[in-house]
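Comments concern the structure below.
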Amino acid sequence: MSSNPSISELARAYSAGKKLDIGTRLPGPKGTRVMGVMREFNRDPLGFIDRLQRDYGDIVWSRFLYVPALFLYHPNEIESVLTTNAKNFRKAMTLRSNFFQRLVGNGLLTSEGNEWKRQRRLLNPAFHRERVATYATTMVDYTKRLTANWRHGEMRDMHREMMRLTLEIVVRCLFSADVSHDVDHVGETLSEMVKPFASQATLKWILNNRLPTPEHIRFHRLARKIDRVVYRIISERRASGKDEGDLLSMLLAAHDEDGSGMNDQQLRDEVMTLFLAGHETTALTLAWSWYLLGENPEAEKRFHAELDEVLGDRDATFANLSRLKYTERIVKESMRLYPPAYGLGREAINDCEIGGYHVPPGTQVFMFQWTTHRDARFFAEPLRFKPERWTAEFEAQLPKYAYFPFGAGPRVCIGASFAMMEMILVLATIGQRFHLRLDPNHLVETYPAMSLRPKAGVKVTVARRRV
Ligand code: HEM
């Protein structure tokens, strides 16, 4: 096994003309001498990754600047990287930028090795199904609060509405007992901070993060502001010693076998990680679901019929989830067609083999939910929105890694049950009360930033149904 070369070693090897043997064996576009395929990728990321598979097959080699990149499209290879061989991979280099470091530090999303293992062990109980069930009422209450201001016939942007709602929900689930004004500011400040994520210039922004541009100065100022609030809440909660039944109490109570818990810095990093990982993805699935329902009146009819039958005029509860089957299928189908995390990245630590090819350390390996979820080998009529395809029989025969909206293997999303419950409850609570009609003059397009957004939102007219 060779030792793991740094990116600068790879750069030196590349500029010295040393061949990385991966490039000599695997098919793929070379791109330009300096940029590799960076420009093509940035111009149209989704079109580019689809094209690569069409032109070169399920395993494609290429290069971003001097960094070798491997694109995997088949469930077998995806399984090998995410699960079978997971130990030989760490998160891709973009996630190790100092931008992410400042935002979420060494939280669960970004940490590696033993540190990640320990944190995952400590956080797991907070995300067990029974624990997550206690947040159902908050989710429904906040949805009702949001829609209380909606008026029949008015226009709403469901992307914006869902972003606001899921942020409020995650803030409340973390800090239920802290009703101070500060807590509301955490949400606002966070939205401001992550704005650069929304831009396609994210990579450039991240790489230049050390430069004192006005945007970066602003970012660091907001980061200090949010830190002050989060640290204050942590110290007050430690002092009170009370279990408030929220995520923060769970994190504070978490202890390893040797009795050690998390220090303030770790708590802060996990809180920020949960903010960041826990709201935009959920909001996007909801926004895309409203779009898809608007485009598919038959599916919307079945959705409303299920809500009428299971809920009538009563508020949705955790106990109703098992009967809201069609609603759950809408969520699954929406994440198939518009996966909020549309791609995953890893970096090979040691030499390894993927699909019979030798892969040297330092290679960035990418897997795209966007393309694999739309692969006709696994999904009949792949571009059609068909929630009814998600029967138990269909799921049983589907190759496990053909559908991976929450990732897979040891680094699978810890918040998957939380997110599923939230999405079903929010859809049900709104669907009970309103029909949402897409604005015919507004074009909904994909915008692959950090996650897969609707470019200019999802504009709808709201029409009251009942309740
Ligand atoms: C539709 C909603 C969501 C989607 C599509 C989603 C997707 C993902 C994916 C794909 C990963 C794996 C990343 C990788 O392997 O590199 C991940 C990890 C993670 N997610 Fe989610 N997520 C969602 C909601 C949530 C929520 C609600 C929370 C928390 C409240 C959350 C917290 C996390 C954390 C902490 C990780 C890192 C886990 C680890 O590495 O151990 N996510 N998520």
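The values are calculated or read from the model by the stated rules, or taken from the named source; none is laboratory data. In this text the structure is predicted, and so the values were computed from the model without any measurement. As a convention, Cβ positions derive from the backbone with ideal geometry for all residues, glycine included, and neighbour counts pool all protein chains shown. Accessible surface is based on the protein model in full, side chains and every heavy atom, while ligands, DNA and RNA are left aside. Shrake-Rupley method; radii C 1.70, N 1.55, O 1.52, S 1.80 Å.
Structural remarks
- Summed over segment 374-407, residues that are open to solvent by less than 30 Å² (accessible area, probe 1.4 Å) and at positive phi total 1.
- Pairs with Cβ under 6 Å, 6+ apart, first in segment 104-132 and free of Cβ contacts under 8 Å to residues at least 24 places away in the same chain and more than 30 Å from Ala319 (Cα to Cα), second in a loop (DSSP other than H, G, I, E, B) and within 11 Å of the ligand (Cβ to nearest atom): none
- Residues that are more than 25 Å from Asp351 (Cβ to Cβ) and either open to solvent by less than 10 Å² (accessible area, probe 1.4 Å) or not acidic (Asp, Glu) (or both), drawn from segment 54-72: Arg54
- Residues that are assigned to a loop (DSSP other than H, G, I, E, B) and aromatic (Phe, Trp, Tyr) within segment 347-375 comprise just one, Phe368.
- Each residue in segment 339-360 was checked for being open to solvent by less than 10 Å² (accessible area, probe 1.4 Å) and closer than 16 Å to Arg90 by Cα, and 4 pass.
- Residues in segment 455-467 that are surrounded by fewer than 18 Cβ atoms within 10 Å (Cβ to Cβ) and within 24 Å of the chain's Cα centre (by Cα): 2 in all.
- Identity of the residue in segment 81-113, assigned to a helix (DSSP H, G or I), more than 13 Å from the ligand (Cβ to nearest atom) and modelled with pLDDT of 90 or more, that ends up farthest from Gly261 (Cα to Cα): Thr84
- Residue in segment 263-285 that is in a loop (DSSP other than H, G, I, E, B) and surrounded by fewer than 18 Cβ atoms within 10 Å (Cβ to Cβ) present: yes
- Answer residue from segment 382-413, given it is away from the ligand (no atom under 16 Å from the Cβ) and not in a helix (DSSP H, G or I) and is nearest to Thr285 (Cα to Cα) among those: Phe385
- Scope segment 445-454; condition surrounded by fewer than 22 Cβ atoms within 10 Å (Cβ to Cβ) and touching a residue at least 12 places away in the same chain (Cβ under 8 Å); matching residues: Thr446, Tyr447, Pro448, Ala449, Met450, Ser451
- Residue in segment 313-322 that is surrounded by 19 or more Cβ atoms within 10 Å (Cβ to Cβ), touching a residue at least 40 places away in the same chain (Cβ under 8 Å), assigned to a loop (DSSP other than H, G, I, E, B) and out of contact with any His (no Cβ under 9 Å at 6 or more places or on another chain) present: yes
- Segment 390-413 residues that are more than 22 Å from Phe89 (Cα to Cα), paired with ones that are open to solvent by 50 Å² or more (accessible area, probe 1.4 Å) (beta carbon under 7 Å, 6 or more apart): Trp390/Arg329
- For Leu95: the one exception among (1) crowded, with 18+ Cβ neighbours inside 10 Å; (2) free of Cβ contacts under 8 Å to residues at least 40 places away in the same chain: (2)
- Where Arg437 falls short, out of the listed (1) more than 8 Å from the ligand (Cβ to nearest atom); (2) under 19 Å from the mean Cα position of the chain (by Cα); (3) not in a helix (DSSP H, G or I): (2)
- A residue that is open to solvent by 60 Å² or more (accessible area, probe 1.4 Å) and touching a strand residue (DSSP E or B) at 6+ places or on another chain (Cβ under 7 Å) occurs somewhere in segment 155-162.
- Here is the figure for segment 116-138: residues that are away from the ligand (no atom under 12 Å from the Cβ), at pLDDT 90 or above and closer than 18 Å to Val271 by Cβ total 1.
- Residue in segment 414-434 that is open to solvent by 40 Å² or more (accessible area, probe 1.4 Å), within 16 Å of the ligand (Cβ to nearest atom), polar (S, T, N, Q) and touching a strand residue (DSSP E or B) at 6+ places or on another chain (Cβ under 8 Å) present: no
- Residues in segment 286-296 that are surrounded by 24 or more Cβ atoms within 10 Å (Cβ to Cβ) and over 12 Å from Leu165 (Cα atoms): Trp288, Ser289, Trp290, Tyr291, Leu293.
- Checking every residue in segment 292-313 against the condition of being of a type outside the set (Gly, Ala, Ser), within 16 Å of the ligand (Cβ to nearest atom) and at pLDDT 95 or above gives at least one match.
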